[in-house]
Amino acid sequence: MTDTPVPFTERDYAERMARAAREAAAVGLSGLLVTPGPDMVWLCGYQPTAFTERLTLLVVTPDSEPRLLVPALERPDAEAAPGAGALRTTDWRDGQDPYAAAAGLLRPHGRYGVSDSAWALHLLGLQEALPLTSYRALTTALPMLRAVKDEHEVARLTVAAAAADATYEQILSVRFAGRRETDVAADLTRLLLEQGHSQVDFTVVGSGPNGANPHHEAGERVIEDGDMIVLDFGGLKDGYGSDTTRTVHVGEPTREETRVHDIVREAQQAAYEAVRPGVACQVIDRVARAVIEKAGYGDHFIHRTGHGIGVTTHEPPYMVEGEEQPLVPGMCFSVEPGIYLPGRFGVRIEDIVLCTQDGGRRLNTTDREMALVS
Ligand code: ZN
Ligand code: ZN
Ligand code: ZN
């Protein structure tokens, strides 16, 4: 569980940047401009220790080697990044104009993809320095850039999922009734960290009526005997995400609760079985939705069926109506249908699924039957 994964090599990063440059060119972009965040981590392995107003910019273009512009004081950190050998680092000093320095790396009439999380401050600075350049958000221009995982990435996602599964197995034996949702959420956080997560992104404990709100995290409500409880948690382990949901019940469930849970489980199973290369993402959503609609709960399945996962816990591809992108071996994403009955309870079941040549492979493998807790 705590085995350290094989580190990504300079060559891995060089290949990612070369592919990103090719894909940028293929959609008519002069290149990609990436500020600190998941795209930068994925492309070159660099994550500044602090996100500051000082410009750090990775420039990936088809016609030259990748360049990383950094504040001079952060240069030693940047040069220690695992992908640093695959790019050329330059710097700017306090008192200089960082956008003038960046302009020297760009084409005056260039059309660039820019990372989603780039600060407006930086993008506006670039536009002022080079008024004839134009920009598109990276997720709009190249939504599938990070979507297809290589075997080393799949290995990390598998280990992260196993850590989340171990967390679920252990949470089943804690006390639920009489404790607040936030208490159980704190247990989930502790267990995820014990299982080797470096970061916990969310710990949803949606008890009783709170389970009917898919965005509920955890609150002061005291869990009661008879509650359904949606448990949805995840974060990052060794740089890759986990995200799983199981719905448990305190004591014996009613017939309706059992039926709703069975329907969600059937929908999740059907959507999982529909995973194979070439199937459009929206089909996964449609398959889950059809099961829930047929059972009469269609109006209560109020969110998309899934999202991609990688160096972040939510990213393209999205399993949603309108997403025609076909599944490709190596894509990893959640399959998480749910039914939400306002004022009463909710049920959601979520696994991370890998698309392989032969169909789907679940990375989360804990029991999907409704567990009874105390
Ligand atoms: Zn109940
Ligand atoms: Zn989740
Ligand atoms: Zn999810």
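All of the numbers you see were taken from the coordinates with simple rules; none came from a lab. Everything quoted here is computed from the prediction, not taken from an experiment. With ideal geometry, Cβ positions are generated from the backbone for all residues, glycine too; neighbour counts draw on all protein chains shown.
Here are the numbers:
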{"read-out": "Folded to 0 to 90 degrees: helix 10-26 orientation relative to the chain principal axis, Cα", "value": "80 degrees"}
{"read-out": "The range 141-148 - phi-based ³J(HN,Hα) in whole Hz, Karplus 6.51/-1.76/1.60, Gly and Pro as x", "value": "6, 9, x, 9, 3, 9, 6, 8"}
{"read-out": "Test item: Cα-centred dipole of the range 10-141, Lys/Arg +1 and Asp/Glu -1 on Cβ, debye", "value": "340 debye"}
{"read-out": "Leu132-Glu224 FRET efficiency (beta carbon distance; Förster radius 51 Å; 0.05 resolution)", "value": "0.20"}
{"read-out": "Leading residue at positive end of dipole, the range 74-202 (Cβ point charges), from Ala185, Gln96, His109", "value": "His109"}
{"read-out": "Order of Glu369, Glu293 - criterion: other Cβ atoms within 10 Å of each residue's Cβ, fewest first", "value": "Glu369, Glu293"}
{"read-out": "Cα-based equivalent ellipsoid of the chain: semi-axis lengths in Å, sorted from largest, via gyration tensor", "value": "41, 22, 18"}
{"read-out": "Relative contact order of the range 148-222, pairs being alpha-carbon contacts under 8 Å that are 6 or more residues apart, as %", "value": "31 percent"}
{"read-out": "Listed residue (Pro82, Leu43, Ala24) projecting farthest to the positive dipole end of the range 1-111, Cβ model", "value": "Ala24"}
{"read-out": "Size of the range 241-374 as Cα extents on the principal axes (Å, biggest first)", "value": "41, 28, 25"}
{"read-out": "222 nm mean residue ellipticity, helices alone, for the chain (DSSP H n ≥ 4; -39,500 (n - 2.57); rounded to 500)", "value": "-9500 deg cm²/dmol"}
{"read-out": "Test item: Cα-centred dipole of the range 195-244, Lys/Arg +1 and Asp/Glu -1 on Cβ, debye", "value": "120 debye"}
{"read-out": "Over the range 209-319: Kirkwood hydrodynamic radius from C-alpha pairwise inverse distances, Å", "value": "15.7 Å"}
{"read-out": "Scattering curve values for the range 151-373, log₁₀ I(q)/I(0), Debye with Cα scatterers, q = 0.17 Å⁻¹", "value": "-1.17"}
{"read-out": "Gyration tensor over alpha-carbon atoms, the range 309-374, equivalent ellipsoid semi-axes in Å", "value": "26, 16, 11"}
{"read-out": "Length-normalised contact order for the chain - Cα pairs under 8 Å, 6+ apart - percent", "value": "15 percent"}
{"read-out": "Once the Cα gyration tensor of the range 95-240 is diagonalised, semi-axes √(5λ) in Å", "value": "44, 19, 14"}
{"read-out": "Size of electric dipole in the chain: Cβ of Lys, Arg +1 and of Asp, Glu -1, about Cα centre, debye, nearest 20", "value": "700 debye"}
{"read-out": "Separation between Cα centres of the range 36-107 and the range 251-279, rounded to whole Å", "value": "46 Å"}
{"read-out": "For the range 10-28 and the range 144-159, distance of Cα centres in Å", "value": "16 Å"}
{"read-out": "Relative packing of peptides 195-206, 169-180, 22-33 - highest average C-beta neighbours within 10 Å first", "value": "195-206, 22-33, 169-180"}
{"read-out": "Pairwise label distance in nanometres, Arg22 with Asp262, each label 7 Å out on the Cα-Cβ vector", "value": "5.1 nm"}
{"read-out": "The range 151-373: relative contact order in percent, alpha carbon pairs under 8 Å with at least 6 residues between", "value": "24 percent"}
{"read-out": "For the chain, with +1 on Lys and Arg beta carbons and -1 on Asp and Glu, the positive-most of Val260, Ala160, Ser334 along the dipole", "value": "Ser334"}
